[in-house]
Amino acid sequence: AVNNDSGAMSGISAIVTATVVALVLLFLTPVFELLPLATLAAIVISGVISLVDYPEAIYLWKVHKFDFGVWMCAFLGTLFLGVELGLGISVGISILLVLYESAYPPTAVLGRLPGTHQYRNVKQYPGVETYDGIVCIRIDAPIYFANTQHIREKVQKYYRRAQEQLSVSHHQQDPEEGQQVFVANEEPPKVQFVVLDMSPVAHVDTSALHTLQD
């Protein structure tokens with residue numbers, strides 16, 4: 001902590017700090033033996049409290065809540081359980097988050113930016129153009145056995161949502177009476193194509209191939 005507060009930048013500072021600590025432990029231990037424990041605790045707290053990176057915690061809270069949760073688990077675990085257990089808990093939680101994000105990858109419905117050939121997420125770009133009967137879906141992770149079921153459910157969800165929107169748009173607005181009327185002798189339109197944008201997908205295993213074929 002003292003090394004960090006003094007603004008040390010090179011690796012030589014760590015060698016000097018370790019040497020000074022070793023000399024203190026070897027020759028100055030009797031001096032600290034008579035100090036009250038409260039005094040020693042105050043010295044440790046005053047040195048360690050500067051290592052708590054508050055701005056980083058605020059930044060993680062604004063940007064990514066999961067990372068902030070891992071940060072808090074590491075901080076509280078180290079504070080109350082010790083360095084080894086605190087770091088072990090934070091590493092375990094990080095591994096669980098990686099597995100969760102791998103099993104539940106992000107997906108999005110795409111629409112075309114007006115006047116371009118680029119497609120973007122309809123939630124992030126509300127002004128994009130979509131076409132009746134066509135659903136364009138982007139998968140943002142490799143597809144393998146752990147996330148095939150989730151991706152299948154997402155694709156089916158987007159398909160049903162597009163079908164419901166088509167059914168609603170099939171009811172036309174009566175310009176004179178201001179009421180919705182059903183067009184007679186005309187079947188409701190259906191979704192004809194489901195386009196999968198797999199440009200972010202770097203790997204597809206056999207389980208994913210079977211899912212895509214189904």
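Which order do Thr107, Thr130 take by accessible area at a 1.4 Å probe, largest first?
Largest to smallest exposure gives the sequence Thr130, Thr107.
If the only charges are +1 at each Lys and Arg Cβ and -1 at each Asp and Glu Cβ, what is the size of the charge dipole of the chain around the Cα centre, to the nearest 20 debye?
Rounded to the nearest 20 debye, it is 260 debye.
Of all the accessible heavy-atom surface of the range 54-101, with the other protein chains kept in place and a 1.4 Å probe, what percent is carbon and sulfur? Numbers along the way, then the final one.
Working: 2750 of 3560 Å².
The C+S portion of the solvent-accessible surface of the range 54-101 is 77 percent.
With every protein chain left in place, what is the accessible area per residue of the chain in square angstrom, probe 1.4 Å?
About 73 Å² of surface per residue is accessible.
Using only Cα atoms, tell me the angle between helix 148-170 and the longest principal axis of the chain; keep it within 0 to 90° and round to the nearest 10.
40 degrees
Please report the accessible area of Phe66 (heavy atoms, 1.4 Å probe, ligands and nucleic acids excluded) in Å², nearest 10.
Accessible surface of Phe66 is approximately 100 Å².
Given (i) 1.24; (ii) 1.17; (iii) 1.75 as candidate values of Cα Rg over 2.2 N^0.38 Å, which corresponds to the one derived from the coordinates?
Of the listed options (i) 1.24; (ii) 1.17; (iii) 1.75, (iii) comes from this structure.
Would you mind working out the magnitude of the charge dipole of the range 1-124 relative to its Cα centre, with +1 at each Lys and Arg C-beta and -1 at each Asp and Glu C-beta, to the nearest 20 Debye? The partial results should precede the final answer.
On the way: 5 positive and 7 negative charges, 156 e Å.
So the magnitude is around 760 debye.
Starting from the range 80-157, pick out the trypsin sites (Lys or Arg not before Pro) whose DSSP state is loop and whose Cβ has at most 14 other Cβ atoms within 10 Å.
Lys123
Can you tell me what share of the DSSP beta bridges in the chain is antiparallel? A percent to the nearest 5 is fine.
Numbers: 10 of 16 bridges.
DSSP beta bridges in the chain are roughly 60 percent antiparallel.
Rolling a 1.4 angstrom probe over the protein chains, ignoring ligands and nucleic acids, what is the accessible area of His203 in square angstrom, nearest 10?
Ignoring ligands and nucleic acids, His203 comes out at about 100 Å².
Where the only charges are on Cβ atoms (+1 Lys, Arg; -1 Asp, Glu), what is the dipole of the range 63-136 about its Cα centre, to the nearest 20 debye?
180 debye
Among Tyr131, Ala141, Ala22, which residue has its Cα positioned farthest towards the positive end of the charge dipole of the chain, with +1 placed on the Cβ of Lys and Arg, -1 on the Cβ of Asp and Glu, and the dipole taken about the Cα centre?
So the residue furthest toward the plus end is Ala22.
Could you put Cys136, Cys73 in order of accessible surface area, largest first, with the 1.4 Å probe and the full protein assembly present?
Per-residue accessible area, sorted high to low, gives Cys73, Cys136.
Just check the range 50-111 against the gyration tensor rule for me: Cα atoms, a ≥ b ≥ c as the square roots of the eigenvalues, rounded for a/c under 1.5, and otherwise prolate or oblate depending on whether a/b exceeds b/c.
The shape class here is oblate.
Going by alpha carbons, how many degrees (0 to 90, nearest 10) lie between the helix axis of 37-48 and the longest principal axis of the chain?
50 degrees
Against the longest principal axis of the chain, how steep is helix 12-27, in degrees 0 to 90 to the nearest 10, with axes from Cα atoms?
Roughly 40 degrees, rounded to the nearest 10.
The values are calculated or read from the model by the stated rules, or taken from the named source; none is laboratory data. Keep in mind it's a predicted model, so treat the numbers as computed, not measured. Methodologically, a virtual Cβ is constructed for each residue, glycine included, from the backbone with ideal geometry; neighbour enumeration extends over all protein chains shown. The accessibility values were calculated without ligands, DNA or RNA, using every heavy atom of the protein model including side chains. Shrake-Rupley method; radii C 1.70, N 1.55, O 1.52, S 1.80 Å.
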